[in-house]
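The next block holds one structure in the form of structure tokens; read it before the comments.
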Amino acid sequence: GENVEQHPSTLSVQEGDSAVIKCTYSDSASNYFPWYKQELGKRPQLIIDIRSNVGEKKDQRIAVTLNKTAKHFSLHITETQPEDSAVYFCAAKRLTGGGNKLTFGTGTQLKVEL
Amino acid sequence: DTGVSQDPRHKITKRGQNVTFRCDPISEHNRLYWYRQTLGQGPEFLTYFQNEAQLEKSRLLSDRFSAERPKGSFSTLEIQRTEQGDSAMYLCASSLWGNTEAFFGQGTRLTVV
């Protein structure tokens with residue numbers, strides 16, 4: 001089955017700096033890669049996703065890049081703000097032919113310091 | 001709130017008791033998922049329904065776990081003879097056919113004492 005590894009487990013940045021979180025996946029048939037943000041005691045919420053037919057996607061201060069050959073994908077947050085502090089999870093999924101489950105990484109606790 | 005709702009939000013039970021959780025997905029969504037999340041970990045897949053059919057179950061779902069979605073709307077997850085290792089957050093998610101985004105509920109936090 002799919003295995004997703006995520007690094008780092010904790011990340012502390014100064015407000016205004018950039019943050020990068022990296023994930024690798026094992027199943028070359030995975031073709032959908034969402035990122036979820038989970039604040040303490042709250043539900044995971046999708047912040048951005050990418051399909052394997054594109055290499056990069058951007059939405060305001062967040063962007064995701066995908067390297068299919070290396071089976072890596074990364075989340076980039078620019079101009080970080082205190083409200084970006086949360087746990088971020090990457091995930092991978094096959095859109096067809098392999099069920100519909102998301103396999104999640106172990107999460108990155110991001111802390112944005114003033 | 002038209003999102004995914006779960007009930008109860010918190011449940012404390014004694015070891016050996018049975019518990020049942022409920023999930024109400026977004027109304028037009030035909031896919032419903034259950035995940036389990038323990039502290040410091042990402043959600044782990046338990047099972048998945050398309051309408052009322054349970055199409056996939058994880059090996060994590062032991063014989064003590066059963067899930068139903070009787071009319072293709074709400075779903076229940078029952079744990080029989082609870083063990084301390086069952087303590088976790090149980091998350092429900094739903095998605096629309098052909099739509100990739102899964103929307104999560106706020107979860108039911110189970111504590112087995």
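In region B:1-23, what residues are open to solvent by 50 Å² or more (accessible area, probe 1.4 Å), within 11 Å of the chain's Cα centre (by Cα) and not hydroxyl-bearing (Ser, Thr, Tyr)?
B:7, B:22
I'd like to check something: does region B:74-93 contain any residue that is open to solvent by less than 10 Å² (accessible area, probe 1.4 Å), among the small types (Gly, Ala, Ser) and within 21 Å of residue A:87 (Cα to Cα)?
The answer is yes, given that some residue of region B:74-93 is open to solvent by less than 10 Å² (accessible area, probe 1.4 Å), among the small types (Gly, Ala, Ser) and within 21 Å of residue A:87 (Cα to Cα).
Which residue, of B:46, B:77, is away from chain A (no Cβ under 14 Å) and either on the phi > 0 side of the Ramachandran plot or of a type in the set (A, V, I, L, M) (or both)? Working first, answer last.
On the way: B:46 fails: away from chain A (no Cβ under 14 Å).
Just one listed residue meets the conditions, B:77.
Can you find a residue that is within 14 Å of the chain's Cα centre (by Cα), farther than 26 Å from residue A:87 by Cα and buried (at least 17 other Cβ atoms within 10 Å of the Cβ) anywhere in region B:41-52?
yes
Are any of the residues in region A:74-90 within 14 Å of residue A:29 (Cα to Cα) and out of contact with any Lys or Arg (no Cβ under 7 Å at 6 or more places or on another chain)?
No: region A:74-90 contains no residue that is within 14 Å of residue A:29 (Cα to Cα) and out of contact with any Lys or Arg (no Cβ under 7 Å at 6 or more places or on another chain).
Mind checking which strands (runs of 3 or more DSSP E) fall wholly inside region A:1-90 and carry at least 1 residues that are out of contact with any helix residue (DSSP H, G or I) (no Cβ under 8 Å at 6 or more places or on another chain) and either away from chain B (no Cβ under 14 Å) or modelled with pLDDT under 95 (or both)?
Output list reads A:10-14, A:19-25, A:32-38, A:45-51, A:56-59, A:62-67, A:72-77.
For region B:90-108, which residues satisfy the criterion of being at the interface with chain A (Cβ under 9 Å from one of its Cβ atoms) and in contact (Cβ under 8 Å) with a residue 40 or more places away in the chain?
B:91, B:93, B:95, B:102, B:103, B:104, B:105, B:106, B:107
Here's a check for you: in region A:91-112, which residue that is of a type in the set (S, T, N, Q) and open to solvent by 10 Å² or more (accessible area, probe 1.4 Å) is modelled with the lowest pLDDT?
Among them, the one singled out is A:100.
Which of the strands (runs of 3 or more DSSP E) found entirely inside chain B contain at least 1 residues meeting this: out of contact with any Pro (no Cβ under 6 Å at 6 or more places or on another chain) and of a type in the set (A, V, I, L, M)?
B:10-13, B:19-24, B:44-50, B:53-57, B:65-68, B:75-79, B:88-95, B:108-112
Would you call residue A:50 open to solvent by less than 10 Å² (accessible area, probe 1.4 Å) and under 28 Å from residue B:29 (Cα atoms)?
Here the answer is yes, as residue A:50 does meet what is asked.
For region A:38-61, indicate whether the set of residues that are under 29 Å from residue B:39 (Cβ atoms) and touching a residue at least 60 places away in the same chain (Cβ under 8 Å) is non-empty.
For region A:38-61, residues under 29 Å from residue B:39 (Cβ atoms) and touching a residue at least 60 places away in the same chain (Cβ under 8 Å): present.
The values are calculated or read from the model by the stated rules, or taken from the named source; none is laboratory data. Just so we're clear, the structure is a prediction, and the values are computed from it rather than from any experiment. Cβ: placed from backbone, ideal geometry, glycine included. Neighbour counts: every protein chain shown. Note: areas computed on protein heavy atoms with side chains; ligands, DNA, RNA excluded. Shrake-Rupley method; radii C 1.70, N 1.55, O 1.52, S 1.80 Å.
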